[in-house]
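Written out below as structure tokens is the structure these notes cover.
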Amino acid sequence: MNRTPTRQTDPRLLVLHALRCAGACGLARLRAVTGLDATRLDFVLIDHTVDGLTARVSDDPPCWRLTDAGRAEHARLIADELTAAGARASVEAAFDRFLVLNPELLDLCTAWQLRAVDGVMTANDHGDTAYDARVLDRFADLDRRAAAVCAELSAVLPRFARYRVRLAEALDRAASGALEYVTDSTTSYHTVWAEWHEDLLLTLGKSR
């Protein structure tokens, strides 16, 4: 039986982990990835910058990235978290189930972006709403199975629960007509799924 988590992830780790999984991020994306409110996020970023773990990039709008020291600190903290939770076996098992679903996700993304017309693959212009609805139904079926994997992970490492929230939000928005939430934005289902994949690899110390 999965254990019930008794503590939440340290916000300092959440921010480092978001920057490691998603790359350089602005404040809006960091809030979306971590689930932290603006005030808490500002405090953590200030602390990390003072400690030399993150650096502000002067883009418009500005974003933050990990420094070499930040990457090293992240690696230490993520390994410590896994050991302290005694969660390696559970995460390994959930990762195996994730890998079963991953090819299906990739196939669905291809089906969303391309379709056969007169035997020729062409870009999906989303003019055929019935076709798009069928693909979204398949995404919803995949999402139900992915939710079970996410629940297993969240039971041992609470920070994984954020993926369930973000994936569900992306699919709901896509179903409501915001089609960019399937594959074409930093908050799309595909992008969040890719971050989840990267998170699992980093958590377990694996490479692609």
State yes or no: is W112 open to solvent by less than 50 Å² (accessible area, probe 1.4 Å), closer than 24 Å to A28 by Cα and in contact with a helix residue (DSSP H, G or I) (Cβ under 7 Å, 6 or more places away or on another chain)? no
Looking at region 88-101, is at least one residue open to solvent by 30 Å² or more (accessible area, probe 1.4 Å), in a helix (DSSP H, G or I), β-branched (V, I, T) and under 21 Å from R164 (Cβ atoms)? yes
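Give me the residue from region 115-148 that is out of contact with any Ser or Thr (no Cβ under 7 Å at 6 or more places or on another chain) and assigned to a strand (DSSP E or B) and, out of that set, most open to solvent (accessible area, probe 1.4 Å). Write out each step before concluding.
Taking region 115-148 as the starting set, the residues that turn out to be out of contact with any Ser or Thr (no Cβ under 7 Å at 6 or more places or on another chain) are 116-148.
So of that shortlist, the ones also assigned to a strand (DSSP E or B) come out as 116-117, 120-123.
Working: A116: 65, V117: 66, V120: 88, M121: 116, T122: 58, A123: 72 Å².
Ranking the candidates gives M121 first.
Within region 61-87, count every residue that is aromatic (F, W, Y) and assigned to a helix (DSSP H, G or I).
First pass over region 61-87, keeping only residues aromatic (F, W, Y): 64.
Within this subset, residues satisfying the condition of being assigned to a helix (DSSP H, G or I) are none.
Final tally of qualifying residues: 0.
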Within region 23-48, tally of residues that are over 23 Å from Y181 (Cα atoms) and basic (K, R): 1
Where a residue in region 155-176 is farther than 27 Å from L82 by Cβ and buried (at least 19 other Cβ atoms within 10 Å of the Cβ) and its partner, wherever it lies, is among the charged types (D, E, K, R) and modelled with pLDDT of 95 or more, with Cβ under 7 Å and at least six apart: L171/D143
Pairing a residue in region 29-53 that is over 17 Å from V192 (Cα atoms) with any residue that is among the hydroxyl-bearing types (S, T, Y) and surrounded by 13 or more Cβ atoms within 10 Å (Cβ to Cβ), where Cβ atoms lie under 8 Å and the two sit 6 or more apart in sequence or on different chains, gives L41/T34; L45/T54; H48/T54; G52/T67; L53/T67
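Within region 186-208, count every residue that is part of a loop (DSSP other than H, G, I, E, B) and open to solvent by less than 30 Å² (accessible area, probe 1.4 Å).
Taking region 186-208 and keeping what is part of a loop (DSSP other than H, G, I, E, B), we get 186-188, 205-208.
Pick out the ones that are also open to solvent by less than 30 Å² (accessible area, probe 1.4 Å) and you get 188.
The total comes to 1.
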List pairs: first in region 99-121 and within 16 Å of S188 (Cα to Cα), second part of a helix (DSSP H, G or I) and β-branched (V, I, T), Cβ under 8 Å, 6+ apart or cross-chain? L108/V135; C109/V182; C109/T183; A111/V135; W112/V135; W112/V182; W112/T183; Q113/T183
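The values are calculated or read from the model by the stated rules, or taken from the named source; none is laboratory data. Keep in mind it's a predicted model, so treat the numbers as computed, not measured. Here the Cβ is made from the backbone with ideal geometry for all residues, glycine too, and neighbour counts use every protein chain on show. Heavy atoms of the whole protein, side chains included, go into the accessibility calculation; ligands, DNA and RNA do not. Shrake-Rupley method; radii C 1.70, N 1.55, O 1.52, S 1.80 Å.
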